[in-house]
Each structure stands twice: as structure tokens, then as C-alpha cells.
Amino acid sequence: MMERARRGAGVARVFAGQPERLAAAWRRVRFAEARKDGGPPRNQLDSVVEPFIREVGKKLEGKEGSPWSRTRAVLRLAPGRGARALHEEFAALRRCLVDAVETLGGGDAERAVVNQALDEAVDSSVALMERLGNPLAPRPRVHFAGLVVQLFEKQPVAIHERPALNEEHERLAMH
């Protein structure tokens, strides 16, 4: 029983004390996913991840309340990408955090805290995104403690290549 408590405390200590390490793992996963699509990652959660992980760690240490409602950061939401992109980012974060719990020797109790915190964060973020497009949409059940901004992105412009000129239409400039 003591061993179990010691492992749980170790998980909490890493989450609360070294969130940048877990956030770096999430960024590596997101970068790898983006490379498959041929572009750089466009993370909406980038500035939120570290403070959120720190608050999850505090919850694992026994602090009351929702980690999401204590997270103070800037959440940049891009409605043009839709809720699916947001779900993909949170899914990558969930994989990283659950893997960290298992690697650090945590058990079902720690995994449940992480999953509950992520469920609240996902639901709240999606509700906030919906409210950006429709102010009459329902408010999030769990409020976000930080600042929410709407991210406007320019659509990538297709690069048009000039058609190749054949030799008779080609002109040389002589100076």
C-alpha cells in the first residue's frame, strides 16, 4: 500500500513540478503528426498545455476543484479548423499524459484523474469554440480560468507556376 502511495506521489510531483517535460513530449507528437500531412504543427493548445499539466499535478496532489478551471493561460481557438482539430490535439495530449502516468508507475486512480481533467477541458474548449460562432450556444459546464481568443488564419494561397515557354517564345534580355 505504501509503495502504491509513493508511486502516486511521484506522478503528481512530475506533473506539478516538471510540466514542461510532458508538454515537450506532446509537442513532439504533434510535430510528428503534422509531418505526415507535410506541414508544421498548428497547435491551438500550445500556450495552455504546461499550465494545464501543472494543475493536473496539483489535482493529483489532492487540491480540490477542476484543473481546467484553475488553468491560467491563453486558449487560441480557430473555428475555421473545427472541433475535430481541437479533439485531435487533446487526444495527443491524453496519450502523452496517460503514457506518463504508466511510465511513472501510477495506477488507475491517477489515470482516472488525468482522464477526468482532460474530459472537462475538451468539453469546455468545444463549447467555447461553439460560442465564438453562436453566442446563444450553451456555456461550458466547467469554466476556463484563462483568456480565450479567436484565431483568424489566412487560407494558404496556391502557388501558380508559370507555364514553360517553348524556345520560339523565349526572349533573352541583353544588357
Scan the range 89-122 residue by residue and report those that are exposed (fewer than 14 other Cβ atoms within 10 Å of the Cβ) and of a type in the set (D, E, K, R). ARG95, ASP99, GLU102, ASP108
Quick one: TRP26 ticks every box in (1) of a type in the set (Phe, Trp, Tyr); (2) touching a helix residue (DSSP H, G or I) at 6+ places or on another chain (Cβ under 9 Å); (3) farther than 20 Å from GLY146 by Cβ bar one, so which box is it? (3)
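For the range 1-67, please list each of the helices (runs of 4 or more DSSP H) lying entirely inside it that holds at least 2 residues being without any contact (Cβ under 8 Å) to a residue 24 or more places away in the chain. Step through it out loud before you land on a result.
Details: elements: 2-17, 19-37, 49-60.
In the range 1-67, 2-17, 19-37 are the helices (runs of 4 or more DSSP H) which contain 2 or more residues that are without any contact (Cβ under 8 Å) to a residue 24 or more places away in the chain.
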With the checklist (1) more than 26 Å from ARG141 (Cα to Cα); (2) in contact with a Gly (Cβ under 9 Å, 6 or more places away or on another chain); (3) at pLDDT 95 or above in hand, flag the one item PRO19 doesn't pass. (1)
From the list VAL126, VAL157, VAL114, which residue is within 25 Å of GLN18 (Cα to Cα) and either at pLDDT 95 or above or outside any strand (DSSP E or B) (or both)? VAL114
Are any residues in the range 20-54 within 16 Å of LEU118 (Cβ to Cβ) and of a type in the set (Phe, Trp, Tyr), and if so, which ones? TRP26, PHE52
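Tally time: how many residues in the range 132-146 are over 19 Å from VAL49 (Cβ atoms) and within 19 Å of the chain's Cα centre (by Cα)?
Filtering the range 132-146 for residues over 19 Å from VAL49 (Cβ atoms) gives 132-139, 141.
Going one step further and asking which of them are within 19 Å of the chain's Cα centre (by Cα), we end up with 132.
Residues that pass the stated criteria total 1.
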Residue ID - surrounded by the fewest Cβ atoms within 10 Å (Cβ to Cβ), chosen from residues in the range 48-72 that are within 16 Å of GLN18 (Cα to Cα) and among the acidic types (Asp, Glu): GLU61
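The values are calculated or read from the model by the stated rules, or taken from the named source; none is laboratory data. Keep in mind it's a predicted model, so treat the numbers as computed, not measured. No Cβ is skipped: glycine too gets one built from the backbone with ideal geometry, and neighbour counts run over all protein chains shown.
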